[in-house]
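Each remark here refers to the structure printed beneath this line.
Read-outs: derived from the displayed coordinates by stated rules, not from any lab. Since the structure is predicted, the reported quantities are computational estimates derived from the model, not experimental observations. Note that each Cβ is placed from the backbone with ideal geometry, even for glycine, and that neighbours are counted across all protein chains shown.
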Amino acid sequence: MAEEADMSYTTKTPVSNAAPRPGAPAASSGTPRRVAARFVSTAIAAMIAAVTLLITGSGAAYAEGAHFVPEATDVNWDGSVATVTFREVDVALETEETTISVRVTADVYAVCDQGPSTVQIHRMGTSLQANDYPIGEDGVVEGTARVPLRVAGLQLPGYTCQVTWVSVVAYLEDFWTGATLVRRAGEVSI
C-alpha cells in the first residue's frame, strides 16, 4: 500500500516589534482575509452603482436639451460678495429641483505708491457654492446665487493702493442636467 504524501505546508514570516525605518513602505493593513473582504465590498458597491446608472439613466440623459441662457445671466461683485443671477431652460427632470454650482473667480490688479516707490499687485480669489433650485412647471430654473468672495492682499502697509483692473468670471454647472455656462462680469468696480 502506497503512502499518501502530505501536501500541506506552512510558511513562517518573520515578525518584528521594531518601529519601521523612515521612508519604508507602510505595512499591509489587515489580514489577507480582511483585504479580500474590502476588495469584494468595493467591487459590489461599484457594480450596484453601475447597474443603478444603467437602469435609471443619468440626469443628463433626462434633460439633454437643458441649457443656461447667457443673456439672462448677470455677474456682479462688490469686493466681498459675488451675486450671480441665472436662468436655465428646458429642464426635464423627474424631481422638483436641481442642484446648481456657482464658482466665481476674481482677478484684481492694483498699483501701490509710497513716494517714488511703486508696486504693482495681482491677486486672485475663487469661491464655490452649490444650492438646490426649484424647477418651474415650464422647465425653467431661475435663481440668484450670493457667493462670499474676498481677495486678500490688496493693501500694503505704508503704501497708498488703488485697484486698476478687475475681472470677474462665473462658472455655472447643473449637476443633474449637465448644463454649463461661463459668464464674465461686465464693468466691475470695488
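Table for the structure above
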| quantity | calculated |
| --- | --- |
| Spacing of the two label points (7 Å from each Cα toward its C-beta) at Asp78 and Ala130, in nm | 2.8 nm |
| Net charge over other residues, Cβ less than 12 angstrom from the Cβ of Ala66 (K, R count +1; D, E count -1) | -4 |
| Linear extension gain, Trp165 paired with Asp107, 0.36 nm per residue minus alpha-carbon span | 20.1 nm |
| Distance from the range 117-136 to the range 66-84 (C-alpha centre basis), Å | 11 Å |
| Dimensionless Rg ratio for the range 99-161, taking C-alpha atoms and the 2.2 N^0.38 Å reference | 1.77 |
| Cβ-defined net charge surrounding Thr99, 11 Å radius [Lys, Arg +1; Asp, Glu -1] | -4 |
| Relative contact order of the range 60-184, pairs being alpha-carbon contacts under 8 Å that are 6 or more residues apart, as % | 35 percent |
| Once the Cα gyration tensor of the range 60-184 is diagonalised, semi-axes √(5λ) in Å | 38, 11, 10 |
| FRET efficiency for Thr95 and Ser117, using Cβ-Cβ distance with R0 set to 45 Å, rounded to 0.05 | 0.15 |
